[in-house]
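Every number in this text was worked out from the coordinates using simple rules, so none of it is lab data. Treat the numbers as computed from the prediction; the structure is a model and nothing was measured. Quick reminder, even Gly has a Cβ in these numbers, built from the backbone with ideal geometry, and neighbours come from all protein chains shown.
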2 protein chains.
Amino acid sequence: MSTVKGNALVAQSGGPTAVINASVCGVVQEAAKHQEITGMFAAHNGILGVLQEKLFDLGAEDPKAVEMLKTTPSAALGSCRHKLKSLEQSRADYERVLEVFRAHNIRYFFYAGGNDSMDTAAKIKDLSASLGYEMLVMGVPKTIDNDLAFTDHCPGYGSVAKFIATSVMEAGRDTESLYTFDTCAVLETMGRNAGWIAASAALARRSEEDAPHLVYVPEVSFSREKFVEDVRRVHARFGRCFIAASEGMRWDDGRYVSEDSSSLAKDSFGHSQLGGVSQALKAIIEHELGLKTRWMMQGLTQRNAMHFASRTDRDEAVLCGAEAVRQAVSGVSGFMVTLERTSNDPYRVDTGLAKLEDVANGEKKLPVDWMNEEGNFPTLEFIDYARPLVEGEVRVPVEGGVPLFMRFKKKWLPARCADYQVK
Amino acid sequence: MSTVKGNALVAQSGGPTAVINASVCGVVQEAAKHQEITGMFAAHNGILGVLQEKLFDLGAEDPKAVEMLKTTPSAALGSCRHKLKSLEQSRADYERVLEVFRAHNIRYFFYAGGNDSMDTAAKIKDLSASLGYEMLVMGVPKTIDNDLAFTDHCPGYGSVAKFIATSVMEAGRDTESLYTFDTCAVLETMGRNAGWIAASAALARRSEEDAPHLVYVPEVSFSREKFVEDVRRVHARFGRCFIAASEGMRWDDGRYVSEDSSSLAKDSFGHSQLGGVSQALKAIIEHELGLKTRWMMQGLTQRNAMHFASRTDRDEAVLCGAEAVRQAVSGVSGFMVTLERTSNDPYRVDTGLAKLEDVANGEKKLPVDWMNEEGNFPTLEFIDYARPLVEGEVRVPVEGGVPLFMRFKKKWLPARCADYQVK
C-alpha cells in the first residue's frame with residue numbers, strides 16, 4: 001500500500017464522450033473507500049483549471065449527482081484542448097501545476113483523456129519526482145477514436161459505435177423506403193486519423209441488402225474512380241446505396257478528401273469552407289452517376305449519445321476510473337489503466353497497466369487487414385472485435401420526455417496561489 | 001355499418017417517419033377484426049406501386065412481423081414522392097388506379113401520408129364515385145413536419161421532436177464542456193416550411209444555461225445583424241452559444257438562408273452546393289465574432305430515430321391507423337383521421353375526422369406568437385403544446401447491441417392488368 005496520504009484531484013481532457021463522466025464516477029466512488037485519500041477535488045476544464053487554480057470540492061456534491069455521472073454525457077468537470085509542450089518548453093506551466101498541487105496538498109492526480117493527456121500526466125509525474133514532491137499520477141483512458149495503444153479498446157468507443165451503427169440502420173431504412181427519390185445516402189462519422197468509428201457502421205448490417213453497403217476509412221487511401229465503380233455496382237444490385245465514411249478519408253497523395261471538397265467551396269464571405277467528406281461524396285455521386293444523394297453529419301451528437309449508450313462501454317468506463325484509484329493507493333504511479341480482453345465469447349475483460357509515456361507516443365489505427373480486399377468494408381474480424389463493445393443499453397433517467405442530466409454545483413476551493421497567466 | 005365487402009389496400013407516402021409503420025400496424029391489426037375486409041394487401045412504394053400493380057399480401061406475413069412494425073422506423077411498404085396532378089391532367093393515372101383496384105377487388109384504401117397523399121386519396125375517391133365503383137377511402141396522417149391542418153398534431157412529429165431535443169441536450173453538454181475550444185454550435189433541423197421541428201429543440205432547456213440558447217424558424221424572417229447580436233449577448237453571458245436552426249430559415253426577401261450560403265459555394269465540379277443553414281450560420285459567427293463554431297446536420301437519422309422514439313407518438317400512430325379502419329367499415333369515406341386534444345394536463349387525445357380535400361389544401365405553420373418577441377426562442381405556449389407529445393419511450397428490441405427491425409417477405413400478388421408506363 002501507498003503511504004502517501006492527501007487530497008486527490010480528477011480532471012477530464014480532450015473531446016468529450018458519452019461515458020467519460022462514468023470514469024469520474026468510478027474515481028470518486030472508489031476514492032471514498034480509501035482513507036489515504038482525504039479530500040476529492042476536481043479541476044475545471046482539465047489542466048487549464050489546474051493552471052488557473054479553478055478547483056472545486058467533489059466532497060461537497062450530492063452523492064446522487066455523482067451517481068448520475070453514469071448517465072450524463074460529456075465532461076461534467078469541464079474539458080480543454082490545452083496542450084502542455086515538453087518540460088523544457090513549458091517548464092513554467094509544469095512548475096505552476098506543482099505549485100497548485102502543493103498548495104492544496106494534492107497527492108493523487110487522475111487524468112482522463114487521450115494521448116496528449118497521458119503525455120501531460122507523464123510529465124507531471126516526472127517533475128514531481130525530480131522536485132521531491134511525493135504524489136501518485138494515474139491515467140484513465142478516454143477517446144471515441146479508439147486509437148490509444150496498449151489497450152484492447154477505449155472507453156467512449158463502444159457508445160459512439162453503437163450510436164453510429166444504429167443511425168446507419170435507421171437512416172438506411174429511409175433510403176430503402178424512398179430509393180425512388182433519394183437513391184443514395186452518405187453518413188459522415190468522426191475519426192480524423194483512424195477508421196474505428198466509420199468501421200463501426202458495419203455493425204448495422206445483418207444481411208447484404210442492409211445499410212451500410214460501403215464503408216470508407218482513413219487507413220485505405222481513397223480513389224474517386226474506384227468509389228464510383230463501388231457505388232455503381234451496389235446501385236445496380238439493390239437500387240440504392242448507403243455509404244458510411246470517415247471525416248479523415250484521404251486521397252492517395254495524403255490530402256484529406258474534405259479539403260479537396262473545400263478547395264473550391266467558398267462561403268458568402270469568400271472564406272473557404274470545410275465542406276466535409278459527405279458533401280464531397282455526394283458531389284461525386286451526383287456528378288458521375290446522376291443519382292440523388294442525401295448526406296448527414298451528426299457532429300457532436302455522436303460522441304455524447306448517452307440516450308442509447310453501450311452498457312458495456314459505460315460499465316468499463318466506471319471500472320477504469322475505479323481501477324486507477326485502486327492502483328494509486330496501492331502505490332502504482334505513472335501508468336494508464338488499460339482494458340485487456342481475456343475472452344471474446346463470452347466476452348470478458350480484465351484491466352492492465354501501460355506506461356503513460358508509451359501511451360502518449362503510441363497510436364492504434366484500424367488494422368488494414370480488418371478491411372476487405374476492395375478496401376470498402378470491414379471484415380468479420382473487425383465485427384467480432386467490435387460487437388461485444390456495443391452490447392447492452394444504458395437507460396437514462398427521463399423527465400418530460402427528455403433525458404435528465406446532472407450538473408455539479410461546483411463549490412470552488414479558495415485560491416491559495418498567485419494569479420497565473422495561461423499562454 | 002358499411003355493406004361493402006372486399007379487399008383492403010394500405011400504402012405509405014412521402015418522407016418516412018419513426019412511426020409511420022406503427023400506423024400500418026394499426027390498419028392491419030384492426031382490419032383483421034372486421035369481416036367486411038376479406039384480404040389485406042399493401043402497395044409497394046405508395047401510389048407508384050398501385051400504378052405499377054406491385055402489390056403484396058399482408059395476410060401472408062408473419063403476425064410477429066406485423067407487430068414489429070411498431071418498433072421499426074421508416075416505410076416498410078416502401079414510399080414514394082410521386083405526385084398525381086389534377087384529375088384533368090392525370091386522368092389516365094387515376095383510371096389506372098381504379099383499374100388495378102377493380103382487378104383485385106380492392107374496396108378499402110388506406111393512405112398514410114401528408115397533404116399530397118390526402119390530395120391523391122381525395123381524387124381516387126371522387127373518381128371511384130363518378131365511375132360507380134363502390135369503395136371507401138381513408139387517410140392516415142403522417143408527417144414529421146407537423147404541418148397538416150385540422151389535426152392538433154401529426155404522428156411522426158413527437159418522435160422527431162424528442163430526438164432533436166435529446167440531441168441538443170447531449171451536444172449542448174459538449175459545448176458546455178469544451179467552450180474554451182469549441183465555443184459555439186449550430187444544430188440544423190429538418191422543416192422546409194414550418195418551424196415545428198426546430199422549435200422542439202426548446203424542449204431540451206430546463207434552465208437558462210442549458211442548450212439551446214437560440215432557436216430560429218422559417219416563420220420569423222432572419223436578420224444577419226440581429227443574429228450576430230443574439231449570439232454576442234449569449235456568449236457574453238454564458239461563454240458559449242448553442243443554436244438550433246431550421247433548414248427552412250429565410251431572409252426578409254424570402255430567399256432561403258441556405259441558398260445564400262450556396263450561392264457562392266461550388267463543389268469541385270463547379271456545381272453550386274447546398275451548404276445548409278448550419279454552415280451559413282457558422283460562417284457568419286466565425287466571420288463577425290471570431291468564435292469557433294461546430295455544426296451538425298442529422299439528416300435522415302432524425303426522422304427515423306426509433307431507438308428513442310416517443311411512446312405517445314407511436315401509440316397515437318397505431319390509433320390513427322386503427323381508427324381509419326373502424327371508420328371505413330362503418331361506412332365513412334373521404335376523410336383523414338385527426339387527433340383532437342381534449343385535455344393537456346393530464347394529456348388526453350381523441351380522434352376526429354377532416355375532409356381529405358380540406359387537409360390537402362391546408363398547411364399549419366408554427367404560430368408566430370409561439371415565438372418570443374425577439375423571434376429567437378419558442379414561448380411557454382409552444383412548450384406546453386409540445387411536451388406531452390414527446391413523453392414516454394419506445395423500447396426497441398435489440399440484438400447484438402443494435403436494434404432489430406422487421407422486413408416483410410413480400411408475397412407479390414400476380415398481375416392481373418396490362419403493363420402501365422408511369423410517367
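For the range A:227-258 and the range B:1-80, compute the distance between their C-alpha centroids and round to whole Å.
Rounded to whole Å, the Cα centres lie 35 Å apart.
Which order, highest average first, do A:165-177, A:231-243 follow once you tally other Cβ atoms within 10 Å for each residue and take the mean per peptide?
Output ranking for A:165-177, A:231-243: A:165-177, A:231-243.
Using alpha-carbon pairs under 8 Å, 6+ residues apart, how would you state the relative contact order of the range B:268-423 in percent?
Numbers: 109 pairs, mean separation 33.6, N = 156.
RCO, the range B:268-423: 22 percent.
Round to a whole angstrom and tell me the spacing of the C-alpha centers of the range B:315-373 and the range A:293-365.
48
Compute, for chain A, the length of the dipole vector about the Cα centre, with Cβ point charges of +1 (Lys, Arg) and -1 (Asp, Glu) only. Units Debye, rounded to 20.
It works out to roughly 1240 debye.
Please report the equivalent ellipsoid semi-axes of the range A:164-250, computed as sqrt(5 x eigenvalue) of the Cα gyration tensor, largest first, in whole Å.
20, 15, 10
Return P(r) of the range B:97-146 (all Cα-Cα pairs; 5 Å bins starting at 0; whole %; ordered from short to long distances).
5, 21, 31, 21, 12, 6, 4, 1
Excluding A:W412 itself, calculate the net charge of residues whose Cβ lies under 14 Å from the Cβ of A:W412, where each Lys or Arg counts +1 and each Asp or Glu counts -1.
+2
Find the eigenvalues of the gyration tensor of the Cα atoms of chain A, then list the square roots of 5 times those eigenvalues as equivalent ellipsoid semi-axes, largest first, in whole angstrom.
41, 22, 20
Might you report the magnitude of the Cβ-based charge dipole of the range B:110-157 about its Cα centre, with Lys and Arg at +1 and Asp and Glu at -1, to the nearest 20 debye?
140
Normalised by the number of residues in chain A, what is the relative contact order in percent for Cα pairs under 8 Å and 6+ residues apart? Don't jump to the answer; show the numbers that get you there.
Working: 980 pairs, mean separation 100.5, N = 423.
Over chain A, the number comes to 24 percent.
When the C-alpha atoms of the range B:353-418 are aligned to their principal axes, what extent does each axis show, in angstrom, from largest down?
For the range B:353-418, the Cα extents along the three principal axes come out at 59, 43, 22 Å.
For chain A, build the charge dipole from Cβ charges (+1 Lys, Arg; -1 Asp, Glu) around the Cα centre, then report which of A:G78, A:F382, A:T120 sits farthest towards its positive end.
The listed residue farthest towards the positive side: A:G78.
Answer with one residue from B:Q327, A:V137, A:M190: the one whose Cα lies farthest towards the positive end of the charge dipole of the protein assembly as shown, charges on Cβ with Lys, Arg +1 and Asp, Glu -1.
Sorting the options by dipole projection puts first B:Q327.
Among the lysines, which have Cα under 19 Å from the Cα of A:K125 when same-chain residues fewer than 8 positions away are ignored?
A:K5, A:K83, A:K85, A:K355
So the label point goes 7 Å from the Cα of A:L404 along Cα→C-beta, right? Which residues of the range B:146-180 then have their backbone N under 14 Å from it?
No residues fall inside that zone.
Go through B:W295, B:V168, B:W251 and say which Cα lies farthest out towards the positive end of the charge dipole of the range B:157-303; charges sit on Cβ, +1 for Lys and Arg, -1 for Asp and Glu.
Value: B:V168.
Where does the protein assembly as shown land on the Kirkwood hydrodynamic radius, alpha-carbon pairs, in angstrom?
Radius from the Kirkwood sum: 28.0 Å.
Give, rounded to the nearest 20 debye, the magnitude of the charge dipole that the protein assembly as shown has about its Cα centre when Lys and Arg contribute +1 at Cβ and Asp and Glu contribute -1 at Cβ. Provide the component values of the computation, followed by the final result.
Working: 98 positive and 114 negative charges, 99 e Å.
Approximately 480 debye in magnitude.
Given the DSSP H assignment, sum -39500 (n - 2.57) over each helix run of at least 4 residues in chain B and divide by its residue total; what's the result at 222 nm in deg cm²/dmol, nearest 500?
When only DSSP H runs of four or more count, the value is -10500 deg cm²/dmol.
Please give every one of the aspartates and glutamates within straight-line cross-link reach of B:K423, meaning a C-alpha to C-alpha distance under 15 Å, and leave out same-chain neighbours fewer than 8 residues apart.
B:E53, B:D93, B:E95
Between B:N193 and B:A103, how high is the FRET efficiency from 1/(1 + (r/R0)^6) when r is the Cβ-Cβ distance and R₀ = 30 Å? Nearest 0.05. Each step should come with its number before you reach the end.
On the way: r = 38 Å, r/R0 = 1.27.
Efficiency, from the Cβ-Cβ distance: 0.20.
Percentage of Cα-Cα pair distances in the range B:157-303 greater than 24 Å, rounded to whole percent?
Details: 2833 of 10731 pairs.
Here the long-distance tail beyond 24 Å is 26 percent of all Cα pairs in the range B:157-303.
Counting Lys and Arg as +1 and Asp and Glu as -1, what is the net charge of the other residues whose Cβ lies under 13 Å from the Cβ of A:E88?
Cβ neighbours under 13 Å give a net charge of 0.
In peptide A:401-410, how many Cβ atoms from other protein chains are near each Cβ within 10 Å, on average?
6
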